[in-house]
Amino acid sequence: MRRLSGMEIRTTLTGKMLTDYAHMSETYERSGKLVIDSDGDISKGTWRVSDDHLCKRRPGILDECYEMWIAANHVELRHPIYPAFEADLRAP
């Protein structure tokens, strides 16, 4: 796995989806909107890139930034406190 830079994060995620193929997906829209489907429960937030980190925000629920690591289509979002979030990258 290799860590992505801010420009690589933006290029890799824009218009794409991260999914575990079973329980959740996150769609990263070009406008900066984030659409999260967790077991059929849809919620919305925003995403941005800051200092080579992916930052996700859902008011009152989530406001965190992650390192993004990738190998082929497999992605890990790493945070210093939480376990890595693992998913596959694909078209929505």
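The numbers here are math on the coordinates, done by the rules we state, and not lab data. These figures come from a predicted structure and were not determined experimentally. Neighbour counts are summed over all protein chains in view; Cβ atoms, including those assigned to glycine, are modelled from backbone coordinates with ideal geometry.
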Packing-based ranking, highest mean first, of 80-88, 5-13 given that Cβ atoms within 10 Å are counted: 5-13, 80-88
Calculated SAXS-style log₁₀ I(q)/I(0) at q = 0.15, 0.22 Å⁻¹ - the chain, Debye, Cα scatterers: -0.51, -1.20
Environment charge of ARG3, counting only residues whose C-beta is closer than 12 Å and scoring Lys/Arg +1, Asp/Glu -1: -2
Simple Cβ-charge dipole of the stretch 2-90, Lys/Arg +1 and Asp/Glu -1, about Cα centre, in debye nearest 20: 360
Extension reserve of the TRP69-GLU29 stretch, reckoned as 0.36 nm per residue once the Cα distance is removed: 12.4 nm
Whole-number percent relative contact order across the stretch 2-90, with pairs defined as alpha carbons under 8 Å at least 6 apart: 26
Separation of alpha-carbon centers, the stretch 1-72 and the stretch 74-92, rounded to whole Å: 8
